[in-house]
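J.: Here you go, one structure.
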Amino acid sequence: MIDSPEHSPLSAAAPASASTTDPASASPTANEAVLVLADGTLLRGTAFGARGTAIGEVVFNTGMTGYQEVMTDPSYSGQLVTFTYPELGNTGVNPEDQEADAPHVRGVIARQLAPTPSSWRSRGDLPSWLASHGVVGIAGVDTRALVRHLRERGAMNGVICSDGTTPRELLELVRRSPSMEGLNLAAQVSTPSAYPWQQLCATGFDQRLQPSPEKPYQVVAIDFGIKRAILERLTAHGCAVTVLPASASLSDVLALEPEGVFLSNGPGDPAAVAEGIALAKGLLGHADLPVFGICLGHQILGLALGGSTFKLAYGHRGLNHPCGGEGLVEITSQNHGFALEPSSLPQDLVEITHHNLNDRTVAALRHRHQPVFGVQYHPEASPGPHDADHHFGRFVRLMAERRN
């Protein structure tokens, strides 16, 4: 259990007739919220955002900026995100920083909230924005202690509640909720139908535009939970993008006569995305077709090549993960809870080109004989370093070689 006066253990074996003075049986007050973890840890804090109950996997993000991008990233679907930076909401919210139309996090855990946003780009405050989208939040908890606990025990399910349900009842709800392992969340967040991407921010905050070819490269992007920033970077590098749902078949893709196929990021267990893995296997049968995967798409490529994945103890979620290969280090943005098992990848087909230098997990790979590669991190992200943006240029060069 977390060793702090703000945290108290719950006992699943406690009698149903326990006194209301028992913290496990006491209902939260009007402005109070509680966080209950599957291991029985109870944290009390202040409610913000929407009022209600949200169950999900409790994870943490170590970034000092970008909270709105995190909350709207579909890869965080099904999760309660703990922000390690002690203040949240100081720059407000704005439509340009959203990675999707609405937040995908189930809940937000913060140390403290800025009472007034201060940014020339702000169009509103964080608590009101979360409330308008039905996202539950808890503030005033010791996030440092919570993160230490998750690092020691591993990411686990939890619940944020501000609707008066007792912690003991919440613990039973959490323990009945499904684990992230085996969940195909990509199917839930993917677009229901195909659409051509229309660039939104060509003159916006991100000015990393690239020289465009006279004829754009025709790219099909498979949406497992795709971020807008990825679509923006593909467009900036001279691609015309058509987005297809996660359920797209090989014939759906080939009917569009793509010059390259992109497999996107997304939430959940990659091994559960059966349709995506089958599609990737089919694409590998077209030896001259460039294929590029990011995050979940990278893992799906590895699975299609014969590899396997495993769940990380507490995942990689932050803006400063060093990844390296061939004498070069890139500072990267990451968000994933699963990784490829390096020993499972067939060495005659796959070269591991980058490792995460913190724990030596697979950070990037390439096919030895085909124009196919994937990166575990997010080269489109722009938290400060732009070290990894060259991967989009690499994808374009492969398409240019095929065209010529």
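The values are calculated or read from the model by the stated rules, or taken from the named source; none is laboratory data. Treat the numbers as computed from the prediction; the structure is a model and nothing was measured. Positions of Cβ are generated from backbone atoms using ideal geometry, with glycine treated the same way; all protein chains shown enter the neighbour counts.
J.: Can you tell me which of Leu398, Leu365 is touching a strand residue (DSSP E or B) at 6+ places or on another chain (Cβ under 6 Å) and either buried (at least 17 other Cβ atoms within 10 Å of the Cβ) or assigned by TED's automatic domain parsing to the domain that holds Gly293 (or both)?
T.: Going through Leu398, Leu365 in turn, the sole match is Leu365.
J.: On to the next question. Quick check on my filter: what residues within region 368-382 are surrounded by fewer than 24 Cβ atoms within 10 Å (Cβ to Cβ) and touching a Pro at 6+ places or on another chain (Cβ under 9 Å)?
T.: If the condition is that a residue be surrounded by fewer than 24 Cβ atoms within 10 Å (Cβ to Cβ) and touching a Pro at 6+ places or on another chain (Cβ under 9 Å), then Gln370, Pro371, Phe373 are the ones that fit.
J.: Could you list, in sequence order, all residues of region 329-359 that are of a type in the set (Gly, Ala, Ser), at pLDDT 95 or above and closer than 18 Å to Arg394 by Cβ?
T.: Those that are of a type in the set (Gly, Ala, Ser), at pLDDT 95 or above and closer than 18 Å to Arg394 by Cβ: none in region 329-359.
J.: When only residues in region 124-164 that are of a type in the set (A, V, I, L, M, F, W, C) and assigned to a loop (DSSP other than H, G, I, E, B) count, which is nearest to Gln112 (Cα to Cα)?
T.: Here the residue is Val141.
J.: Considering only residues of region 210-227 that are touching a Cys at 6+ places or on another chain (Cβ under 8 Å) and not in a loop (DSSP other than H, G, I, E, B), which is surrounded by the fewest Cβ atoms within 10 Å (Cβ to Cβ)?
T.: Checked region 210-227; the qualifying residue surrounded by the fewest Cβ atoms within 10 Å (Cβ to Cβ) is Gln218.
J.: A further question follows. Looking only at residues that are in contact (Cβ under 8 Å) with a residue 12 or more places away in the chain and assigned to a loop (DSSP other than H, G, I, E, B) in region 102-115, which one is farthest from the chain's Cα centre (by Cα)?
T.: Ala114
J.: Within region 330-343, take every residue that is without any contact (Cβ under 8 Å) to a residue 40 or more places away in the chain and not charged (D, E, K, R) and give me the one that is surrounded by the most Cβ atoms within 10 Å (Cβ to Cβ).
T.: Looking at residues that are without any contact (Cβ under 8 Å) to a residue 40 or more places away in the chain and not charged (D, E, K, R), I get Pro342.
J.: If only one of Val59, Val70, Val34, Val81 is under 19 Å from Thr165 (Cβ atoms) and β-branched (Val, Ile, Thr), which one is it?
T.: Checking each option against the conditions leaves just Val34.
J.: Here is a list: Leu130, Leu173, Leu183. Which entry is surrounded by fewer than 21 Cβ atoms within 10 Å (Cβ to Cβ), under 28 Å from Val243 (Cβ atoms) and touching a residue at least 60 places away in the same chain (Cβ under 8 Å)?
T.: Leu183
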